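Engineer: Next up is a structure, given as structure tokens.
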Amino acid sequence: MPHELALWGVYFSPFLPIVMLGVLGALATAFVLNATGLSRWFANPPWVFMALIVIYVCILLPYGMLL
């Protein structure tokens, strides 16, 4: 069972590392999409970035017990 993360007396959600990894994965994917020119095919790139974060978080969520 995941429990809160305590850093200097401040409690953080166990969901925080998963979200941080999701943002890092979305940043890496957005960098690759921009470098290859594929991002020009998206009408609203900020929405695509948020969708990538959600996708990565959903993929990493079952592995949250291991973090």
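Each reported figure results from applying straightforward, stated rules to the coordinates on display, with no laboratory input. All figures in this text were calculated on a predicted structure; none of them were measured in a lab.
Engineer: Just to confirm the number: angle between the C-alpha axis of helix 16-36 and the first principal axis of the chain, 0 to 90 degrees, nearest 10?
Structural biologist: 10
Engineer: Past the 13 angstrom mark, what percentage of all C-alpha to C-alpha distances in segment 15-66 do you count?
Structural biologist: 56
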